[in-house]
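One structure is given below, encoded as structure tokens.
The values are calculated or read from the model by the stated rules, or taken from the named source; none is laboratory data. It should be emphasised that the depicted structure is a prediction, and the values quoted were computed from it without experimental measurement. Using ideal geometry, Cβ is built from the backbone for each residue, glycine included, and neighbour counts are taken over all protein chains shown.
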Amino acid sequence: MTTVEQSPLAGQTMSPPLLISSLIRNADRYFGDITIVSRLEDGTIHRYDYRTCHRRARQLADGLTQLGLVMGDRVASLGWNNFRHLEAYFAIPGAGLVLNTINPRLHADQVTYIAGHADAKCVLFDLSFIAQAEAIAAHCPQVQHFIAMCVPGDMPADTTIANLICYEDFIADASDQFEWPVFDETAASALCYTSGTTGEPKGALYSHRSTMIHSYAEVMPDAFNISSRDVIMPVVPMYHANAWGLPYAAALAGAKLVLPGPMMDGRSLYELIEGEGVTFSAGVPTVWSGLLDHVAENELGFTSFKRMNIGGSACPRAMMKTFRETHGVDVIHAWGMTEMSPMGTICTLQARHADLAEEDQQALRETQGHPVFGVDMLLLDDHGDELPWDGKTSGNLFVKGPWVIDSYFKRPRGSALHDGWLPTGDVVTISPHGYIKITDRNKDIIKSGGEWISSIEIENISQLHPDVQQAACIGVVHPKWGERPILVVIPRRGADLTKSALLDFLDGKIARWWMPDDVIFVDTIDLGPTGKVLKNRLRERFSALITPVA
């Protein structure tokens with residue numbers, strides 16, 4: 001661990017603690033009339049402004065403290081991207097409590113595990129997730145209060161949750177004069193859990209300080225480039241890694257915020273983008289595929305939409321080029337982890353790249369990008385030796401920074417680290433200028449005859465075929481080589497795609513020994529709660545498949 005030396009001469013500046021409450025206070029004071037738009041569960045549009053959001057957040061904070069919750073207590077949420085969930089984002093940490101966002105799309109056992117492991121004392125939930133809230137009530141006796149985020153007229157008539165509280169009644173009885181407490185900036189602010197695709201979900205506990213520094217970094221030009229001139233639509237769910245920090249960054253910049261709620265289909269997103277003048281959005285590639293399909297089928301275009309950040313998995317080249325060349329929308333790769341709050345790298349081009357040929361610029365755009373200031377990287381082989389940043393040598397990526405966790409919740413401090421660095425589980429190359437390209441996840445890489453095969457590279461190239469909607473490459477047991485790759489593909493609607501045609505397309509684009517031993521066409525591929533392909537499910541699904549000796 002790094003030793004911090006004390007200076008004999010301290011600076012003579014003010015040192016107010018970096019607290020999340022300052023974000024909504026600032027948004028109220030200087031951008032109070034800027035609009036926040038929400039699409040609700042019934043499809044209707046709700047509008048108010050930052051000033052109203054601040055007032056209601058203070059009411060929620062006052063109500064929670066009147067329930068007897070004290071500093072450090074966890075308050076869980078099961079919510080869509082909407083205005084009430086946004087109020088919780090400010091009210092809960094602002095009051096010194098800890099916001100525990102739970103992914104409602106996880107298995108019920110994992111939802112109750114998270115609430116129990118977090119020792120949540122209160123749960124706020126949208127009515128869509130009443131079944132999950134009831135499961136928590138049945139299995140987590142430490143939860144003392146349940147609040148349905150709705151109006152009195154929508155309160156469920158029949159529920160197993162005793163003494164259910166209506167959100168609107170709850171805040172109506174609370175004071176809007178609540179004074180945000182001042183406390184140490186290292187106090188915990190939010191507890192986000194990993195998706196738990198292998199083992200139980202693990203908790204990443206952020207602090208006010210880490211979240212505030214993350215927010216400052218996120219608005220920088222070579223990060224998300226957010227300003228008061230933007231209209232921001234976080235498509236990434238607010239239950240996933242703090243919606244990549246966008247609610248906080250929007251308040252910091254004073255940007256108009258558009259919250260899409262549960263409707264993520266192409267038509268609904270397009271209506272919000274055009275109707276509200278959205279300039280910037282962020283989410284996983286599967287969401288944007290539906291938007292592109294809607295635009296193409298209806299011969300539409302964009303009038304305000306300028307850029308989007310894509311994370312979770314790589315954006316197919318065809319999608320990236322269609323958005324950029326046909327619609328004038330820049331697609332910017334981003335990479336990070338729940339353990340990193342989650343921002344790690346952003347793929348913006350630098351001045352040194354202005355004179356590159358278009359093909360070389362495109363190749364750079366397809367990397368996961370350059371680290372945001374604050375994030376440092378290390379590339380090691382399996383023996384712990386440092387590898388060169390030459391853009392060719394693959395190794396294990398390690399990171400450190402002020403918004404990177406050092407341990408998982410309820411585990412010893414520093415226990416997640418290796419010599420002070422967090423192992424990411426990603427296998428990457430790093431260019432001499434610091435651009436990373438993920439070649440695989442440690443758990444997904446295919447080892448054939450003792451050599452690595454990049455499943456991600458095979459997927460990315462396969463998705464360049466015009467008849468491929470989605471592709472996933474996995475390794476299956478092989479009697480001679482240990483593992484061999486197979487390709488699982490969803491063809492585009494109406495396409496007449498064959499195995500031989502796809503393998504012919506791959507020929508010459510990958511090493512011969514990387515060539516998939518089989519191509520399996522399917523109607524669906526299992527996706528996780530955050531839109532990532534569940535390769536563990538695919539491996540289980542095709543575990544009986546033994547490829548012929550090649």
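Can you confirm whether the stretch 299-313 contains a residue that is surrounded by fewer than 24 Cβ atoms within 10 Å (Cβ to Cβ), of a type in the set (D, E, K, R) and over 21 Å from the mean Cα position of the chain (by Cα)? Scanning the stretch 299-313 turns up at least one residue that is surrounded by fewer than 24 Cβ atoms within 10 Å (Cβ to Cβ), of a type in the set (D, E, K, R) and over 21 Å from the mean Cα position of the chain (by Cα). Would you check if there is a residue in the stretch 484-499 being within 24 Å of residue 240 (Cβ to Cβ), without any contact (Cβ under 8 Å) to a residue 60 or more places away in the chain, within 28 Å of the chain's Cα centre (by Cα) and part of a strand (DSSP E or B)? So far as the stretch 484-499 goes, yes, one or more of its residues are within 24 Å of residue 240 (Cβ to Cβ), without any contact (Cβ under 8 Å) to a residue 60 or more places away in the chain, within 28 Å of the chain's Cα centre (by Cα) and part of a strand (DSSP E or B). Among all positions in the stretch 63-76, there is no residue which is part of a loop (DSSP other than H, G, I, E, B) and under 22 Å from residue 250 (Cβ atoms).
Taken over the stretch 80-117, the criterion of being more than 23 Å from residue 246 (Cα to Cα) and either surrounded by fewer than 23 Cβ atoms within 10 Å (Cβ to Cβ) or over 21 Å from the mean Cα position of the chain (by Cα) (or both) is satisfied by 107, 108, 109, 110, 112, 113, 116, 117.
Just one of the numbered conditions (1) surrounded by 21 or more Cβ atoms within 10 Å (Cβ to Cβ); (2) at pLDDT 95 or above; (3) not in a helix (DSSP H, G or I); (4) not charged (D, E, K, R) is not true of residue 46; which one? Of everything listed in (1) surrounded by 21 or more Cβ atoms within 10 Å (Cβ to Cβ); (2) at pLDDT 95 or above; (3) not in a helix (DSSP H, G or I); (4) not charged (D, E, K, R), residue 46 misses just condition (1). Could you check the stretch 384-424 and list, in sequence order, the residues that are free of Cβ contacts under 8 Å to residues at least 40 places away in the same chain, more than 23 Å from residue 369 (Cβ to Cβ) and under 20 Å from the mean Cα position of the chain (by Cα)? Matches in the stretch 384-424: 406, 407. Among the residues of the stretch 254-283, those that are under 19 Å from the mean Cα position of the chain (by Cα) and in contact (Cβ under 8 Å) with a residue 60 or more places away in the chain comprise 257, 258, 259, 260, 261, 262, 263, 283.
The rows are residues; the columns are (1) farther than 21 Å from residue 533 by Cα; (2) touching a residue at least 12 places away in the same chain (Cβ under 8 Å); (3) surrounded by 20 or more Cβ atoms within 10 Å (Cβ to Cβ).
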site	(1), (2), (3)
467	no, yes, no
477	no, yes, no
502	no, yes, yes
509	yes, yes, no
513	yes, yes, no
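Tell me whether the stretch 309-330 contains one or more residues that are among the hydrophobic types (A, V, I, L, M, F, W, C), assigned to a strand (DSSP E or B), in contact with a strand residue (DSSP E or B) (Cβ under 7 Å, 6 or more places away or on another chain) and under 27 Å from residue 494 (Cβ atoms). Write out each step before concluding.
Taking the stretch 309-330 and keeping what is among the hydrophobic types (A, V, I, L, M, F, W, C), we get 310, 314-315, 318-320, 323, 329.
Of the ones still in play, those that are also assigned to a strand (DSSP E or B) are 310.
Then drop every residue that is not in contact with a strand residue (DSSP E or B) (Cβ under 7 Å, 6 or more places away or on another chain), which leaves 310.
Those left that are additionally under 27 Å from residue 494 (Cβ atoms): 310.
Looking for residues that are among the hydrophobic types (A, V, I, L, M, F, W, C), assigned to a strand (DSSP E or B), in contact with a strand residue (DSSP E or B) (Cβ under 7 Å, 6 or more places away or on another chain) and under 27 Å from residue 494 (Cβ atoms), one finds at least one in the stretch 309-330, hence yes.
Kindly indicate whether residue 246 is surrounded by 20 or more Cβ atoms within 10 Å (Cβ to Cβ) and either touching a residue at least 60 places away in the same chain (Cβ under 8 Å) or small (Gly, Ala, Ser) (or both).
On the way: surrounded by 20 or more Cβ atoms within 10 Å (Cβ to Cβ): yes; either touching a residue at least 60 places away in the same chain (Cβ under 8 Å) or small (Gly, Ala, Ser) (or both): no.
When the stated conditions are applied, residue 246 does not pass them.
When restricted to residues that are surrounded by fewer than 23 Cβ atoms within 10 Å (Cβ to Cβ) and either assigned to a strand (DSSP E or B) or among the hydrophobic types (A, V, I, L, M, F, W, C) (or both), the stretch 123-133 contains 3.
Considering only the stretch 368-383, state which residues are touching a residue at least 60 places away in the same chain (Cβ under 8 Å), assigned to a loop (DSSP other than H, G, I, E, B) and not aliphatic (A, V, I, L, M). Break it down into steps so the answer makes sense when it comes.
Step one: of the stretch 368-383, the residues touching a residue at least 60 places away in the same chain (Cβ under 8 Å) are 368-374.
Now drop any that are not assigned to a loop (DSSP other than H, G, I, E, B), which leaves 368, 372-374.
Within the stretch 368-383, 368, 373, 374 meet the criteria.
Counting only residues that are touching a residue at least 24 places away in the same chain (Cβ under 8 Å) and under 26 Å from the mean Cα position of the chain (by Cα), the stretch 29-59 holds 15 of them. If the condition is being more than 18 Å from residue 309 (Cβ to Cβ), assigned to a helix (DSSP H, G or I) and not hydrophobic (A, V, I, L, M, F, W, C), then the stretch 193-250 contributes 208, 209, 210, 211.
Restricting the stretch 314-332 to residues that are aliphatic (A, V, I, L, M) and crowded, with 17+ Cβ neighbours inside 10 Å, the residue that is modelled with the lowest pLDDT is 314.
Exactly one condition in (1) under 24 Å from the mean Cα position of the chain (by Cα); (2) part of a loop (DSSP other than H, G, I, E, B); (3) among the small types (Gly, Ala, Ser) is false for residue 7; which is it? The single condition residue 7 does not satisfy is (1). Going through (1) closer than 25 Å to residue 339 by Cβ; (2) surrounded by fewer than 17 Cβ atoms within 10 Å (Cβ to Cβ); (3) at pLDDT 90 or above; (4) not small (Gly, Ala, Ser) one by one, residue 435 falls short only on (2).
With the structure loaded, tell me whether residue 379 is out of contact with any His (no Cβ under 6 Å at 6 or more places or on another chain), surrounded by 19 or more Cβ atoms within 10 Å (Cβ to Cβ) and either at pLDDT 95 or above or within 20 Å of residue 320 (Cα to Cα) (or both) or whether it fails that test.
Numbers: out of contact with any His (no Cβ under 6 Å at 6 or more places or on another chain): yes; surrounded by 19 or more Cβ atoms within 10 Å (Cβ to Cβ): yes; either at pLDDT 95 or above or within 20 Å of residue 320 (Cα to Cα) (or both): yes.
Against the criterion (out of contact with any His (no Cβ under 6 Å at 6 or more places or on another chain), surrounded by 19 or more Cβ atoms within 10 Å (Cβ to Cβ) and either at pLDDT 95 or above or within 20 Å of residue 320 (Cα to Cα) (or both)), residue 379 qualifies.
Figure legend. Inter-residue proximity from the stretch 99-116: first residues without any contact (Cβ under 8 Å) to a residue 40 or more places away in the chain and polar (S, T, N, Q), second residues part of a helix (DSSP H, G or I) and surrounded by fewer than 24 Cβ atoms within 10 Å (Cβ to Cβ), beta-carbon distance below 9 Å, spacing 6+ or different chains. Indicated pairs: 112/132; 112/135; 112/138; 112/139.
Considering (1) in contact (Cβ under 8 Å) with a residue 60 or more places away in the chain; (2) charged (D, E, K, R); (3) over 25 Å from residue 288 (Cα atoms), the lone condition that residue 447 does not fulfil carries the number (1).
From the list 171, 161, 136, 147, exactly one residue is part of a loop (DSSP other than H, G, I, E, B), in contact with a helix residue (DSSP H, G or I) (Cβ under 6 Å, 6 or more places away or on another chain) and aliphatic (A, V, I, L, M). Which is it? Full working, then the answer.
Values: 171 fails: part of a loop (DSSP other than H, G, I, E, B); 136 fails: part of a loop (DSSP other than H, G, I, E, B); 147 fails: part of a loop (DSSP other than H, G, I, E, B).
Of 171, 161, 136, 147, the one residue that is part of a loop (DSSP other than H, G, I, E, B), in contact with a helix residue (DSSP H, G or I) (Cβ under 6 Å, 6 or more places away or on another chain) and aliphatic (A, V, I, L, M) is 161.
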